[in-house]
Amino acid sequence: LADELIRLNKSSISVAEREAVDHVLRREYLGMGPKVEEFERLLRGYLNCPVAAVSSGTAALHLAIEACGIGPGDEVLIPTITYVASFQAVSATGATPVPVDINIGDLSISIDSCREKLSGRTKAVMPVHYAGGMKNLAEVLSFAADFDLRVIEDAAHAFGSKQNLPISAGERDIVCFSFDGIKNITCGEGGCIATHDLEILERVSDARLLGVISDTEKRFQSQRSWLPRVQFQGWRYHMSDVMAAIGCVQFERRGELFSRRKQLASLYIDQLGNASCGIKPLDLQWDSIVPHIFPCVVPSDISRDNLRENLQHSYGIQCGIHYYPNHYLEKYRSNVPLTAAEKVASSIISLPLHSDLDDADISYIVESVGDCLGK
Ligand SMILES: Cc1ncc(COP(=O)(O)O)c(C=O)c1O
């Protein structure tokens, strides 16, 4: 029996992040200032795309949808298997998130289902880079082009994945990342909007600072707009220097953090294959993503919920479910069947994945799964 819990996910914090935060604390300017400017510069260079850093991935999605002029009466197509944040970001604008089915293999948004759900009110599609990527991104982009839809990509899981390096002008519309505590790199909480559409970028940059026009430039010089110009509803969604200080260090550590995640995923893939313990990794683009989670499929004759509880209580292994379909939730309930999503919903389980796991942890987890399933 494990003496301590193997956590499903966690941040990986070194002395460098502590020192960087301490440095900001000693300056006693904690809000949005030069550190956020530096973090944005790093992101812009890495993604080869203009960016605006914000307080969370949810805020990034909310601002991006709103900046497209999408609101009450409009519909946004969105895969039902995603974190509730994606749905909430749409409904926060007053628009309706329309739940769409997924492809069984990598749980990406199904284009066939998108076609079925398309209506005169559809204004955008929000594909999710589940676990770090999606195989059918090109098809999603071409479907959106055919119907003149905006594409707001929920890439909360996908910072560092090849598909997003670079984010090419003329190919992509808006891509939103999350830097919350458990993501591939973290700011504690945080997110960013990446787009080559400079009108959108300007709009979200102002909107994150309560709609105060051009407040960003002032903040980067640790100043304020004492005679503000405000023309539209904004939000208090900016990033702080404390968050950006963590983000800058995590960005510099990305090589180490990303390669560890990738190594751990390949250990899982090898050992789950050898152990033939029944559960199988999802069919993701493992070679080109930085995996944020490690989702597997449990065979239909095994109870996923019993397995998850048994792993936690008897073996000290915390597992997760990514995700419970959003069309099952009271707020977004729809009785129209989404058959693929409903099929995988009860059979997916995520094994622990974070960059501080040891090789021995992976062996222990795979053996414990086998043990639980009597293999
Ligand atoms: C798929 C997905 N979308 C959006 C978000 C929202 O990001 P944040 O937690 O930074 O608000 C998350 C975060 O967990 C996510 O997993």
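The values are calculated or read from the model by the stated rules, or taken from the named source; none is laboratory data. Keep in mind that what you see is a predicted model, and the values were worked out from it rather than measured. Every residue, glycine as well, gets a Cβ built from its backbone with ideal geometry; the counts of neighbours run over all protein chains shown. Just so you know, the surface numbers come from the protein's heavy atoms only, side chains and all, with ligands and any DNA or RNA stripped out. Shrake-Rupley method; radii C 1.70, N 1.55, O 1.52, S 1.80 Å.
Quick notes on this structure:
- Note on segment 1-148: Rg/Rh from C-alpha atoms, Kirkwood Rh, equals 1.06.
- For segment 111-223, averaging the sequence separation of C-alpha pairs within contact (under 8 Å, six or more residues apart) and dividing by the residue count gives a relative contact order of 18 percent.
- Length-normalised contact order for the chain - Cα pairs under 8 Å, 6+ apart - percent: 24 percent
- Computed packing ranks the peptides 158-164, 277-283, 55-61, 12-18 as 55-61, 158-164, 277-283, 12-18, most packed first, by mean other Cβ atoms within 10 Å.
- Here the sum of -39500 (n - 2.57) over DSSP H runs of 4 or more residues, divided by the residues of the chain, equals -12000 deg cm²/dmol at 222 nm, to the nearest 500.
- With protein chains left intact and a 1.4 Å probe, residues in segment 1-119 average 41 Å² of accessible area per residue.
- Leading residue at positive end of dipole, segment 148-258 (Cβ point charges), from Gln223, Ala158, Met239: Gln223
- Of the Cα atoms belonging to segment 196-285, the radius of gyration and Dmax stand at 21.9, 67 Å.
- Each residue of segment 25-36 was assigned a 3J(HN,Hα) from its phi angle through the Karplus expression (A = 6.51, B = -1.76, C = 1.60, θ = phi - 60°), giving 4, 5, 5, 6, 10, 9, x, 7, x, x, 5, 5 Hz with x at Gly and Pro.
- Simple Cβ-charge dipole of the chain, Lys/Arg +1 and Asp/Glu -1, about Cα centre, in debye nearest 20: 620 debye
- With contacts taken as Cα pairs under 8 Å and at least 6 residues apart, segment 43-137 reaches a relative contact order of 27 percent.
- With a simple spin-label model that places each label point 7 Å from the Cα along the Cα-to-Cβ direction, the separation between Leu25 and Glu116 comes to 5.3 nm.
- Segment 1-39-segment 52-87 distance, computed between alpha-carbon centres (Å): 26 Å
- Within the listed set Arg229, Arg203, Arg219, the Gaussian network model of the chain (springs between alpha-carbon atoms below 10 Å) gives the highest mean-square fluctuation for Arg229.
- Percent carbon-and-sulfur accessible area, the chain, ignoring ligands, DNA and RNA, probe 1.4 Å: 48 percent
- Sequence-distant residues sharing a close amide H with Arg150 (under 5 Å, placed H): Ala124, Val125
- Dividing the radius of gyration of the alpha carbons in the chain by their Kirkwood radius gives 0.98 for Rg/Rh.
- The chain - share of DSSP beta bridges that are antiparallel (%, nearest 5): 55 percent
- Lysine pairs in the chain whose alpha-carbon atoms fall under 24 angstrom of each other, counting only those eight or more residues apart or on distinct chains, come to 26.
- Counting only the Cα atoms, segment 289-375 fills a convex hull of 131 Å³ per residue.
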